[in-house]
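Below is one structure, written out as structure tokens, with a few remarks after it.
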Amino acid sequence: MQLNELVRTWLPEDGTVVDRTGSEHTWPPLMKVTDTVPSPEADDVVTVVTVAESPAAAGDLPAVLADAVPGAVVLLLLPWPPAELPLGSVIQALVAAGLQAAEAHPLADTDWGAAVVCRRVDDEVGELHSYLDRSRSPGPLEGRTLLRLVDEHVVEGLVRRTQELRHQEIQQTLDSTVAELEAMTTERDALRDELKALRSDDLG
């Protein structure tokens, strides 16, 4: 998906993009762009945040998301390709910030590899088991526990879809290669038969 098309689906044309990426991305025309939070808060705002592409990037997620605008739509841009997302770090950061993932998409037109659209929700809940630690009970499915499950479903769904597409592409390439090899083999055998026929004619 293209980044600007994703933004258009979440904002009216006269909406405001709060760009906290520090990038020089060109946002859709007719949309107001600022790097400060509008006051008072408005419904037609998308706050865009990201982390630097570095080995420590995953560790920066909690601070970046904690600074997101309460009640607004948050567009988290991630520097990793979807298949390489650090799932545990991303999901833990979303849950810790009380953000519910609504959508997750690969990005085709930017240096960012993926985008997660989320909103802040009520997060006054108790302790949770650690991410993917199935030896401990997750507790009742409400509050932060439910939030974690929703975030896991959305973000892991992006990774799964990307891996399935990659598998399909690999299979298509393999099928195409096999078909080309079979065609070359058939052509080679035909040339051999033709050569044998010519030699037989010369001997006769």
* **Candidate set from segment 62-81 (those that are modelled with pLDDT of 90 or more and open to solvent by less than 20 Å² (accessible area, probe 1.4 Å)); member that is farthest from Leu6 (Cα to Cα)** => Pro79
* Qualifying positions in segment 19-45 - part of a strand (DSSP E or B), modelled with pLDDT under 90 and surrounded by 16 or more Cβ atoms within 10 Å (Cβ to Cβ) -> Val45
* To do: Filter segment 82-106 down to the residues that are open to solvent by less than 10 Å² (accessible area, probe 1.4 Å) and in a strand (DSSP E or B), then identify the one that is nearest to Val159 (Cα to Cα).
  => Ala104
* Asked: Limited to segment 107-117, what total is found for residues that are under 15 Å from Leu87 (Cβ atoms) and either in a strand (DSSP E or B) or open to solvent by 50 Å² or more (accessible area, probe 1.4 Å) (or both)?
  -> 2
* Asked: Picking from Asp122, Asp133, which residue would you name as being modelled with pLDDT under 65, within 26 Å of the chain's Cα centre (by Cα) and farther than 18 Å from Leu87 by Cβ?
  -> Asp122
* Across segment 46-61, which residue is modelled with the lowest pLDDT among those that are surrounded by 14 or more Cβ atoms within 10 Å (Cβ to Cβ) and among the aliphatic types (A, V, I, L, M)? -> Ala57
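The values are calculated or read from the model by the stated rules, or taken from the named source; none is laboratory data. For clarity, every value in this text was computed on a predicted model and none was experimentally measured. Counting neighbours? That spans all protein chains shown, and the Cβs are built from the backbone with ideal geometry, glycine included. Surface areas here come from the heavy atoms of the whole protein model, side chains and all, with no ligands, DNA or RNA. Shrake-Rupley method; radii C 1.70, N 1.55, O 1.52, S 1.80 Å.
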